[in-house]
1. Might you tell me the accessible area per residue for chain B, computed with a 1.4 Å probe and given in Å²?
2. Need the C-alpha centroid separation for the range B:167-193 versus the range B:81-151, integer Å.
3. Over the alpha-carbon set of the protein assembly as shown, work out the extent along each principal axis and list the three values in angstrom, largest first.
4. Quick one: buried accessible area between A and B, total over both chains, 1.4 angstrom probe, nearest 100 Å²?
5. Hey, with R₀ at 41 Å, roughly what FRET efficiency would B:M312 and A:H120 work out to, going by the Cβ-Cβ distance, to 0.05?
6. Using θ = phi - 60° and the Karplus form 6.51 cos²θ - 1.76 cosθ + 1.60, what ³J(HN,Hα) does each residue of the range A:340-356 get, whole Hz, x for Gly and Pro?
7. Quick one: order B:K45, B:K195, B:K11, A:K29 from most to least accessible surface, probe 1.4 Å.
8. Taking N as the number of residues in chain B, what is its Cα Rg relative to 2.2 N^0.38 Å?
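The values are calculated or read from the model by the stated rules, or taken from the named source; none is laboratory data. Model, not experiment: these values are computed from the prediction. Because the Cβ atoms are built from the backbone with ideal geometry, glycine has one as well, and the counts that use them run over all protein chains shown. Areas reflect the complete protein model, heavy atoms only, side chains present, ligands, DNA and RNA absent. Shrake-Rupley method; radii C 1.70, N 1.55, O 1.52, S 1.80 Å.
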Protein chains: 2
Amino acid sequence: MSDQTQNDLQKALSGVRADIDRIDGELLKLLNERARCAQKVGEIKAEHGEAGHIYRPEREAQVLRRLQDTNPGPLPGENITFFFREVMSACLALEEPLGIAFLGPLGTFSESAATKHFGHAARLLPQGAIDDVFREVESGHAHYAVVPVENSTEGAVGRTMDLLLSTPLKICGEVVLRIHQNLLSNETDFSKITKVYSHAQSLAQCHEWLNRMLPKAQRISVGSNAQAAQKAADEPGTAAIAGEAAAARYSLPKLVENIEDEPNNTTRFLVLGKHDAGASGRDKTSLIMSAPNRTGALHELLQPLSLAGVSMCRLESRPARNALWEYVFYVDIEGHRDEPAIKAALDKLAASAAYLKILGSYPVAVY
Amino acid sequence: MSDQTQNDLQKALSGVRADIDRIDGELLKLLNERARCAQKVGEIKAEHGEAGHIYRPEREAQVLRRLQDTNPGPLPGENITFFFREVMSACLALEEPLGIAFLGPLGTFSESAATKHFGHAARLLPQGAIDDVFREVESGHAHYAVVPVENSTEGAVGRTMDLLLSTPLKICGEVVLRIHQNLLSNETDFSKITKVYSHAQSLAQCHEWLNRMLPKAQRISVGSNAQAAQKAADEPGTAAIAGEAAAARYSLPKLVENIEDEPNNTTRFLVLGKHDAGASGRDKTSLIMSAPNRTGALHELLQPLSLAGVSMCRLESRPARNALWEYVFYVDIEGHRDEPAIKAALDKLAASAAYLKILGSYPVAVY
């Protein structure tokens, strides 16, 4: 580039750069103004004797939705959600950072879910087991728990479902994450692969693909996808199903990427705390119900909901662990338990069901 | 709380919430305005026939420093740096997300360093070995590499130092991260711990602490801290030195936290790309030099620097791998290679040193 062209370029750029500097200055001012407002919310609550944290899931969901709806671009909506979650996270942390318990280790999908929802100013508290995640919040060591509850392909996470039955915690939010699986192997020829290692849930998520592409290979379920990758790295003639992280750790080539059966393979996480959330305008309510085991019992059980015009977005049954009922039903419905129609239907349910536990109302996940 | 008090509270809060909503609306507008400016920078460069990416490390460092210096609070400076890195990351990604190669797996300190520097809109490309990290950028598969180069306690990362000698890549930035180590064990009684497993570098980082607290325990170096934790979990009478992630993964209690000898145990990472950075006003320049092995050679070698009043911030020697010289010296100096005083000193160095390679000039890390 000639000196003249270089000069022209620098002149043209300096105008835009001055604009950027001005915008950055305004952003800086506004971010701090917002932080002062958040502090003021805390002060007002304290003056009025309202204890507890200023985190309000329904308000956060409303703010994010309005910003999504009014976003003029060019920044994509997901960036906007990310920024404002981080802004709210930092504002909250000025009082006290939220402690978030989740199934460790760091670097897993659960950590991604926790950070996606609570932002980087939250204090991450990885736990060794799902039971410990619940216990940390029940005991007050953490403010909120983030636990996986269902995968779009493989279904419910049993341990979480069981713990929901007995926990005093309430659901106050949900997070939905995309999950990708890969076939990892040092072999390049499919016909040489005689065994495929993976976690049972990952094998299930890639069931159809394995039937089609590796029908003769033995499927062996191991403790984790990382362990599967290690085995595949050590043993010729084998492959593993695992994510990016395991591929890198064991230097295993990704023979095929994104082999999950469902193109929208997602995992849904629940956020649990001492209280559920207020109404945000677009909410879900989660219930556990039970009925004596006679023909038509489920239909009868659900009648108050259908009569009231309430939509169910999920119904899952699990064998009961005590002798009183044969099955418990996990039901998610659209709407908040404070809405009159929902409230009336829930009251009728409570009268007719042998057992009803309202796990909580919370905003539908915002992206 | 009485209904009256509740009403008063809601009234007091609604004013502040209206302020927050107004601020959020302005933030949304400004963020998108900034993104349009960034797009314009790309267009102007393209019109003037300037190829390549619009990422400019020196400009980014200047912007961040100015924002730090003018930050009125109450948001802490580190939050401000975090937001604006993310804003710049998202603006850049509107054209093409930067691909960042680093030593995997995900969930390691190297990932934290990559994200801290390039923001969440960058595309993370974890690699199995430091050699692969260099190769990915040399081959054009990734835009930038992030590699560990030295730990404040244990010293240089040998493989990175060796690769710097031969790579055509330039250093265009640095990242500094705090690192914590913990003693993990199922034992609660120190006298029962007869072996301590860890990676050699982590053992070195906790050398003094081990001498003082576990003088009789055998120190056994293994491939990674995760592997050490696994061994400690399986074998009674042993402990591991490792980070949070490993403690959670193997459900090993943290017997003692933060046992690193240096209270400021940090790891420094280099950012490498096809070009180094322009002058930002607060820069470093990294060099590799060599001299014939005779008495006083190093002193003579460094004379042009001291005569020119140039400050060295790091000097490290390594045995040379070829027969021409006995040692190579890695030198970091304060200042940019385009500053007249530095330029003159480097010219003199080039004339007197048997070998001189300028690895690049880049902004001092911003927090």
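1. 44 Å²
2. Their Cα centres are 20 Å away from one another.
3. Projected onto the principal axes, the Cα atoms of the protein assembly as shown cover 95, 59, 55 Å.
4. 6300 Å²
5. 0.70
6. x, 4, 5, 4, 4, 5, 5, 4, 5, 4, 4, 6, 9, 6, 5, 8, 9
7. Accessible-area ranking of B:K45, B:K195, B:K11, A:K29, largest first: B:K11, A:K29, B:K195, B:K45.
8. Scaled against compact globular proteins, the figure is 1.20.
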